[in-house]
Each structure stands twice: as structure tokens, then as C-alpha cells.
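Reading through the C-alpha cells given below for one structure.
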Amino acid sequence: MEFFCPPCQKVVDDSHHLCHQAQAWFHDASGKKLWRIRRLNQYAYQYITEDEYAYLCSGQSLILSEAQSFDDFDGTSYTGVDSRGKRTSIFKSSNK
């Protein structure tokens, strides 16, 4: 799965190790609600915190092709509680 690195916005995939900046960003997001979104006509996912999501929604129209939230994000295991109430990896695509 390809996604934008949260700090530098370069497209990476989950088969590679995260850079130190991305690891720090995910660590700082621990305990928060994390969103994985895909904007319309973009292939790569984007990870954002609840505050960033609210900010995006408050501005101009936000058109997404996919959105999934993860409660109680754990920045060590990169998991969160999905909408089914199960702890799952944020890198696991919902259509797999």
C-alpha cells in the first residue's frame, strides 16, 4: 500500500521501513484518533490526526474516495481500533 509520508509528503509504501521523521510523527499520534484517507483521483493514502481531519473538513470541500478512522492509535505497533471494534494495522487495506 502506498501512502504519503506524514512529515515530508513523499510517496512510500509499507514494504519499506519508515524514516525517522515518520516514526516520530506516528509516535506523537499515539493515543489519538488517526484517519487514513484517499483523496479522489489519488492512489496513495494519507494519514492525518483527528485535528488535521477536522481542519480539512472546515475549509473548502473535501472529496475523498476512501476514509477510515482508527481510535486509540498505538504508535509503537502502528495499530488502532477500527470501526468493527478490532485492533488492526493502519497499513492493512480494508479491501484486502
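Sort out which residues of the stretch 77-88 are within 21 Å of H17 (Cα to Cα) and open to solvent by less than 40 Å² (accessible area, probe 1.4 Å), and write them in order of number.
Listed by number, the residues that qualify are T79, G80, T88.
I'd like the residue in the stretch 44-76 that is assigned to a loop (DSSP other than H, G, I, E, B) and open to solvent by 60 Å² or more (accessible area, probe 1.4 Å) and, out of all such residues, is modelled with the highest pLDDT.
If we take residues in the stretch 44-76 being assigned to a loop (DSSP other than H, G, I, E, B) and open to solvent by 60 Å² or more (accessible area, probe 1.4 Å), then T76 is modelled with the highest pLDDT.
Could you check, for the stretch 79-91, whether at least one of its residues is in contact with a strand residue (DSSP E or B) (Cβ under 8 Å, 6 or more places away or on another chain) and of a type in the set (K, R)?
Yes, the stretch 79-91 has at least one match.
Taking only the stretch 1-39 into account, find how many residues are open to solvent by less than 70 Å² (accessible area, probe 1.4 Å), part of a strand (DSSP E or B) and either under 11 Å from T49 (Cα atoms) or among the hydrophobic types (A, V, I, L, M, F, W, C) (or both).
Summing the residues that are open to solvent by less than 70 Å² (accessible area, probe 1.4 Å), part of a strand (DSSP E or B) and either under 11 Å from T49 (Cα atoms) or among the hydrophobic types (A, V, I, L, M, F, W, C) (or both) in the stretch 1-39 gives 7.
The values are calculated or read from the model by the stated rules, or taken from the named source; none is laboratory data. As the structure is a computational prediction, the values presented were derived from the model and not from experiment. Positions of Cβ are backbone-derived with ideal geometry, glycine not excepted, and every protein chain shown enters the neighbour counts. All accessible areas refer to the heavy atoms of the entire protein, side chains included, with ligands and DNA or RNA removed. Shrake-Rupley method; radii C 1.70, N 1.55, O 1.52, S 1.80 Å.
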